[in-house]
Amino acid sequence: MSILTPEIQAELAKQAIELPSWAFGNSGTRFKVFGTPGTPRDPYEKIADAAQVNQYTALSPSVALHIPWDKVDSYDDLRKYAEDLGVSLGTINSNTFQDDDYKFGALTHEDAGIRRKAIDHHLECIDIMDQTGSRDLKIWLAEGSNYPGQTDMRGRQDRLNDSLRTIYERIGDDQRLVLEYKFFEPSFYHTDVPDWGTSYAQVASLGDRAMVCLDTGHHAPGTNIEFIVMQLLRLGKLGSFDFNSRFYADDDLIVGAADPFQLFRIIVEVIRGGGYGDPDVAFMLDQCHNVEDKIPGQIRSVLNVQEMTARALLIDHEALRAAQVSGDVLAANAIFMDAFYTDVRPALAEWRESRGLPADPMAAFAASGYLAKIAEERVGGVQAGWGA
Ligand code: LRH
Ligand code: MN
Ligand code: MN
């Protein structure tokens, strides 16, 4: 009998992790972008690569787009292309961080004309969502300041609220606005949406269809991210995750690579808070693959999330609760750690095979020859967007 009970298997079968289109483009640090042979040259090829991940794992049925990086002539056509490959178009990410006009802010800018331009960009993103069938508009703002006294932080917060309200008014009944926070970078003194509290305060003032996006790489070292997950679920405002892992700053490395235990603890709180399998809490990756192959990098990522989810589902909650209530600190911790230390890989491999999937998706993809094929077919792939 598998350690993955039928109940656990039913939960695992619900898992859906959205892939970012930009994970398939070339990326790097500000020092060097190393190109990979076969890198997609347009959004269609990014979607074709993303569909490979889903084909081998059945874990990633949708792909997020970033505008203008993924601008195309016909979103209807792109949508059909994706659907033919078995995936849908997901979250639309706005971009107000690569335009000279936004040097001193976009939605917070002192100049009403520049604020209007930034708002209009978001309205264009919503028009795109109407064509792609996307539910979520994800907003991350690169706004802030570098020096004390440089700007009036309070005024910026007020203008941000006005701008977000104008965007929110255009959001459809079945759509949502998710506001992502990040504690620093590119601004180093203050950031206009630095933390979950600010994001929460902003979206709570807008309405029910405005939520918070938690990017796991956007916190100071040592932050208890699972506490934030718990609190946002408690408040009914956790809209989505951008999963990745970090050693130092916003590293955008493979989720679960730096700290699998943290990923486990986060997923435990998602399950505890009723957010697992709830379409209102979207799981997404926000990663780049600078030195490793991109498609296997994404396969590894979704498998890491699946593995930690399986471990989290193994927790004996009855025993854990009893230990907590009786104040048995060490027993409670041991029950938690037992689940974390359980190697679920053989059981997951068996389960995959029982569903007609490869037991080892990494090996199956490597054997497919897809990377060699795209290396030959595609010449002159594009950068992910950073520095592009
Ligand atoms: C900002 C961020 C945000 C962007 C993405 C490319 O650091 O996490 O989600 O859209 O990176
Ligand atoms: Mn992000
Ligand atoms: Mn980031």
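Remarks
- Packing-based ranking, highest mean first, of 310-316, 223-229 given that Cβ atoms within 10 Å are counted: 310-316, 223-229
- In this structure, the amide hydrogen of Leu253, modeled 1.01 Å from its nitrogen in the peptide plane, lies closer than 5 angstrom to those of Ser245, counting only residues at least 5 positions away or on a different chain.
- The range 179-254: radius of gyration over Cα atoms, expressed as a fraction of 2.2 N^0.38 Å: 1.06
- Debye equation applied to the C-alpha atoms of the range 41-127, log10 I(q)/I(0) at 0.17, 0.19 Å⁻¹: -0.74, -0.83
- Among Ala48, Ser62, Ala322 the positive-end extreme of the charge dipole of the chain (Cβ point charges): Ala322
- The chain - mean residue ellipticity at 222 nm from DSSP helices (-39,500 (n - 2.57) per run, n ≥ 4, rounded to 500): -14000 deg cm²/dmol
- Pair-distance distribution of the range 1-98: all C-alpha pairs, bin width 5 Å, starting at 0; shares per bin in whole percent are 3, 12, 19, 20, 16, 11, 8, 5, 4, 1, 0.
- Rg over Rh for the chain works out to 0.97, using Cα positions for both radii and the Kirkwood form for Rh.
- Scalar couplings 3J(HN,Hα) for the range 24-40, obtained by applying the Karplus form with A = 6.51, B = -1.76, C = 1.60 to θ = phi - 60°, are 9, x, 5, 8, x, 8, 6, 8, 6, 10, 8, x, 10, x, x, 4, x Hz; x denotes Gly and Pro.
- Rough spin-label spacing in nm, given labels placed 7 Å along Cα→Cβ, for Ser205 and Ala364: 5.0 nm
- Over the range 254-319 - Rg/Rh using Cα atoms and the Kirkwood inverse-distance radius: 1.02
- Spatial separation of Cα centroids for the range 264-300 and the range 16-37, in angstrom: 17 Å
- Placing unit charges on each Cβ (+1 for Lys and Arg, -1 for Asp and Glu) gives the chain a dipole about its Cα centre, and among Ala332, Phe264, Leu177 the Cα reaching farthest toward its positive end belongs to Ala332.
- With θ taken as phi - 60° and the Karplus curve 6.51 cos²θ - 1.76 cosθ + 1.60 applied, the whole-hertz 3J(HN,Hα) list for the range 346-357 is x, 5, 5, 4, 5, 5, 4, 4, 5, 9, x, 9 Hz, x standing for glycine and proline.
- Amide H partners (placed H, <5 Å) of Val178, local residues excluded: Leu137, Lys138, Ile139, Met211
- Efficiency of FRET from Cβ geometry, Gln131 and Ala13, R₀ 35 Å, rounded to 0.05: 0.70
- Antiparallel content of DSSP bridges confined to the chain, in %, to 5: 10 percent
- The lysine pair count for the chain, using Cα distances under 19 Å and pairs eight or more places apart or on different chains, is 15.
Quick note: the coordinates plus some simple rules give every number you see, no bench work behind them. Just so it is clear, the structure is predicted and the values come from calculations on it, not from any experiment. No Cβ is skipped: glycine too gets one built from the backbone with ideal geometry, and neighbour counts run over all protein chains shown.
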